[in-house]
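Throughout, read-outs are computed from the coordinates displayed, never taken from laboratory work. All figures in this text were calculated on a predicted structure; none of them were measured in a lab. In this analysis, Cβ positions are derived from the backbone assuming ideal geometry, glycine residues included, and neighbour counts consider all displayed protein chains.
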Amino acid sequence: MATTATTTSILTPHHNRRESSPGNQNGFISFKASSKIPIMPSNVNSSTSIRASMLADKTSKSVEIDCNREICRLCELGNLKSAMDLLHNSKKSQLESSTYCSILQLCADNKSLQDGKKVHSVISSNGVDVNGVLGCKLVFMYVTCGDLREGRRVFDGIPNEDVFLWSLLMNHYAKVGDFRESITLFKQMHDLGIDANSYSFSCVLKCFGALGSLVGGEQAHGYLLKLGFDSHNAVGNALISFYAKCRQIETADKVFDDLSDRDVISWNSIISGNITNGLAEEGLEIFSEMQFLAVKMNLATMVCVLPACAETGRLFLGRALHGYGIKACYGREITLNNTLVNMYSKCVCLDAAVQVFERMGERTVVSWTSMMAGYAREGKLSSAIKLFHEMEAEGVKPDLFTVTSILHACASNRSLEYGKNVHDYVRRNELQTNLFVTNALMEMYAKCGSMADAQLVFDEMLVRDIVSWNTMIGGFSKNCLPNDALSLFIKMQSELKPNAVSMACVLPACSCLSALERGREIHGNVLRNGFSSDHYVNNSLVDMYVKCGALEVARLLFNMMPVKDLVSWTVMIAGYGMHGCGKDAIAVFNEMHCSGIKPDGVSFVAVLYACSHSGLVDEGWRLFNIMRNDYKIEPELEHYACMVDLLARAGHLTKAYKFIEMMPVEPDSTIWGALLCGCRIHRDVKLAEKVAERVFELEPENTGYYVLLANIYSEAEKWEEVNKLRKRIGRLGLRKNPGCSWIEIKSKYHIFISGDRSHPQTKRIESFLKKVKTRMKEEKYLPNKRYALINAGDMEKEEALCGHSEKLAMAFGILSLPPGKTIRVTKNLRVCGDCHEMAKFMSKMVGREIVLRDSNRFHHFEHGRCSCKGYW
């Protein structure tokens, strides 16, 4: 047999190869008699027998030595099968501990757990003591072959003071993500008095970094300094990485500076640490220093630096690194190509990203996701969706990041249809239980304006985190559903503690409703929970106070802000504009400029709006020209609309019309609508008819413009034209939004609709309004019946005027609130002229300030005067 022949050849002693011929019988080793050694006769004397016995013992000992030597030789050759065969065919007494160690090492090298377990079985059945080196080798075999549990069992069963083995187990626990167990082993090792080495320090620092445990890592740092390992390169690199992960980048920089021996890993660690901590510029500066010192970069260096190129827009450097990578033969590395795709797409060089992607020989899910994100970033959502389907067709399964990325793209592009397609994919693949996916779905629906779908996703969630609640609250606020936002915020507090983002999400709902009392409650919550230093919360609070009519409080809070960004200044400018304080708005705008904050297009919209609502025509023109000439901001439709409104309110209707005709962009309904409002203020019926037709062409289903023209006809008492317009509205199936006003009293909202008499205190309110009307007549304040907008007698017109919703709300506020308390009313439409006059009179009559917020602006009525000064 071939096996027998092989065994014979192996076991023949080299010095006696010609004299003996071994054989294998029934698994036991035997030797044939040599022709040169005579066979002993049966009647030999005792001395001869003793010599023969000694010769047999010597031969047996030689076989044992050769068996161990041959197994070790086979292990050195990597012949695991033959070594295992010989191990099984050898006697217990023939095998030495070192032989077991050699074959266990080969099992580990070959990752052959099955053979390793067989060797362990032989060791156990032979009763061999596994303490010492053999025990260490067994542990090494198990953990190397992936059976960490069995390796730990063996480890716990042997006394061991070898730091290498402790470090080995620590490292493998870290590899499988069990960082806490790795740290526990490190502490046990320390308690046993076993000094750590550079390998164990590097490992435990990696674990502390992964867990973000700054205190634990600092204690390990102190320990290694005590043992003198701070000069070890590997330990220094681990410290840099640890401090960077714990966001202690200054300490990481100090460790790097103190390193006497820096290798490429040291440089990569500090570059990556700066970049991941949001210090891309600093990371690139360190990279430049690395190049200056002629430290040769590797693949990891490029993968670290390219994201910084993307973040800072350094396309030139990114291209240079791409070229270096190709010359260094890294062109086929997937990690590099994925990073290149991401860099090119973020640097608005989509063609280059596509070229890299298409040339990739192998693509991972990261490759596809990066390319999809690039398309989405450029607004090419259809291409991103197409790539998503191609990815599926090629058998690459999208991961959670892919799904959430494509949902974010749908949200950014307001693509509800594509978003619903992705939602179908989520259902088919049963991903709706994943928290990240469901949160992304809600965000997509909220940004696309479909809060009903977002609510369905939210209701079906088994587990919700703070992001889930904030997404829904913010979605309701942004989609003009403030009551839903506030209700959900209240519900949230019974299940979860709100954070700063929650406050920033719910405050716009208070702004929308002018819910000052509720806003103050939330402000108190902000102060109690230490969110007052949050920049976004402060901006939201200023905006809330502005839109709730508490302008002085808003300015006080604005002045207290330690840091003001462009949003802060713009909110304050817009706030002054809403309240008719145009000169104050311009003063804040100038103050912003002096502070070094550069205004953007939105800032100019805010200040031009302020000029428009304060009649500051010359200042408005000056700022419009500054925007174009000094800041090189090309005017958009919003800026042109502000200028038309500015001219129209000031009575320059012809100039406004010519301005529209000379605009380099096509005017939209907002621009023509601004001119139409000016026609109503200055009662230019002829121009109003001309402008209205333009508006109707652009927005034939917007009821507001038809009502505006009807008001113009009514005020001019052209009742025939009013009737024609009403018939036209009827044919189109349009419905006018009813006038609605509300007032907040003790955190409860009281809503009034024009002509509605269902409120419990209607009689009391009507009685008060009659007294006001009588006093107005006595003091020669006659109602302006042209605001009644009906073709009827004077008595009917006066009754219609008394039923306007803002009058009802103001009267209720005066009757319900304590003396001296400001009356704050909000209306969904523009306040009518008669209500405006009556509000002025009531403020004088009762000696109270009345703050009325309509769809255009704020009116502060006090001592018989209004802050708008007629510009409303």
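Compute the whole-percent fraction of alpha carbon pairs in segment 161-261 spaced more than 20 Å apart. Write out the running numbers ahead of the final one.
Working: 1491 of 5050 pairs.
Percent of Cα pairs beyond 20 Å in segment 161-261: 30.
Arrange the following residues from fewest to most other Cβ atoms within 10 Å of their Cβ: Val546, Val295.
Numbers: Val546 25, Val295 17.
In increasing order of surrounding Cβ atoms, one gets Val295, Val546.
Run the simple label-point estimate for Lys296 and Ile633 please: 7 Å along Cα→C-beta, distance reported in nm.
Reported label-point gap for Lys296 and Ile633 is 5.3 nm.
Determine the gain in length on full extension of the stretch Asn233-Glu394; use 0.36 nm per residue of separation and subtract their C-alpha separation, reporting nm with one decimal. Intermediate values should be presented prior to the final figure.
Details: separation 161, 0.36 × 161 = 57.96 nm, distance 4.44 nm.
Length gained between Asn233 and Glu394: 53.5 nm.
Treat each spin label as a single point 7 Å out from the Cα along the C-beta direction, and report the Lys727 to Arg69 distance in nm.
12.2 nm
So what's the gap between the Cα centers of segment 801-855 and segment 118-161, to the nearest angstrom?
A separation of 87 Å, based on Cα centres.
Tell me which label goes with the value of Rg/Rh (Cα atoms, Kirkwood Rh) computed from the coordinates here: (1) 1.45; (2) 1.19; (3) 1.42.
Calculated Rg/Rh (Cα atoms, Kirkwood Rh): the matching label is (2).
Nearest 0.05, what FRET efficiency do Leu435 and Glu76 give at R0 = 41 Å with Cβ-Cβ as r? Please list the in-between numbers first.
Numbers: r = 54 Å, r/R0 = 1.31.
E(calc), rounded to 0.05, equals 0.15.
Suppose R0 equals 22 Å. What FRET efficiency, 1/(1 + (r/R0)^6) with r the Cβ-Cβ distance, do Lys780 and His863 give to the nearest 0.05? Present the calculation step by step, with values, prior to reporting the outcome.
Values: r = 18 Å, r/R0 = 0.81.
Given R0 = 22 Å and the Cβ-Cβ separation, E is 0.80.
Cα centroids of segment 732-755 and segment 638-714: how far apart, whole angstrom?
26 Å
With the Cα gyration tensor of segment 635-736 in hand, give its eigenvalues times 5 under a square root as the equivalent ellipsoid semi-axes, listed largest first in whole angstrom.
Ellipsoid half-lengths, sorted descending, are 24, 16, 9 Å.
What is the set of long-range amide H partners of His859 at a cut-off below 5 Å, with H atoms built 1.01 Å from backbone N?
Answer set, sorted by chain and number: Leu852, Arg853, Asp854.
Can you list the aspartates and glutamates whose alpha carbon is less than 20 Å from that of Lys690, not counting same-chain residues fewer than 8 positions off?
By straight Cα distance, Lys690 reaches Asp645, Glu661, Glu666, Asp668, Glu699, Glu701, Glu715, Glu717, Glu720, Glu721.
Once you put a point 7 Å from the Cα of Glu720 and another 7 Å from the Cα of Lys583, both along the Cβ direction, what distance in nm separates them?
4.9 nm
What ranking do Leu488, Leu646, Leu637, Leu808 get, fewest neighbouring Cβ atoms within 10 angstrom at the top?
Values: Leu488 23, Leu646 28, Leu637 14, Leu808 31.
Fewest-to-most ranking of Leu488, Leu646, Leu637, Leu808: Leu637, Leu488, Leu646, Leu808.
Using Cβ counts within 10 Å as a stand-in for footprinting exposure, how do Val305, Val426 rank, fewest first?
On the way: Val305 27, Val426 20.
Ranked by crowding around the Cβ, least crowded first: Val426, Val305.
Students often forget the sequence filter, so: which aspartates and glutamates lie under 18 Å Cα-Cα from Lys748 once same-chain residues fewer than 8 apart are removed?
Of all the aspartates and glutamates, those that pass the test against Lys748 - Cα under 18 Å, at least 8 places apart if same chain - are Asp484, Glu517, Glu521, Glu806.
Using a Cα-Cα cut-off of under 17 Å, which lysines could be cross-linked to Lys497, ignoring same-chain neighbours fewer than 8 residues away?
Here the lysines satisfying the reach criterion relative to Lys497 do not exist.
Could you tell me which of the pairs Lys447/Lys827; Lys117/Lys245; Lys780/Lys807; Lys547/Lys655 are separated by over 28 angstrom between their Cα atoms in the structure shown? Walk me through the numbers before you get to the answer.
On the way: Lys447/Lys827 26 Å; Lys117/Lys245 39 Å; Lys780/Lys807 19 Å; Lys547/Lys655 32 Å.
Result: Lys117/Lys245; Lys547/Lys655 exceed 28 Å.
Quick one: length gained pulling Asp129 to Val563 fully straight, 0.36 nm per residue minus the C-alpha distance?
Fully extending the segment from Asp129 to Val563 adds 149.2 nm.
Using 0.36 nm times the number of residues separating Asn702 and Gln493, minus their current alpha carbon distance, what extension gain do you get? Present the calculation step by step, with values, prior to reporting the outcome.
On the way: separation 209, 0.36 × 209 = 75.24 nm, distance 3.97 nm.
Gain on stretching Asn702 to Gln493: 71.3 nm.
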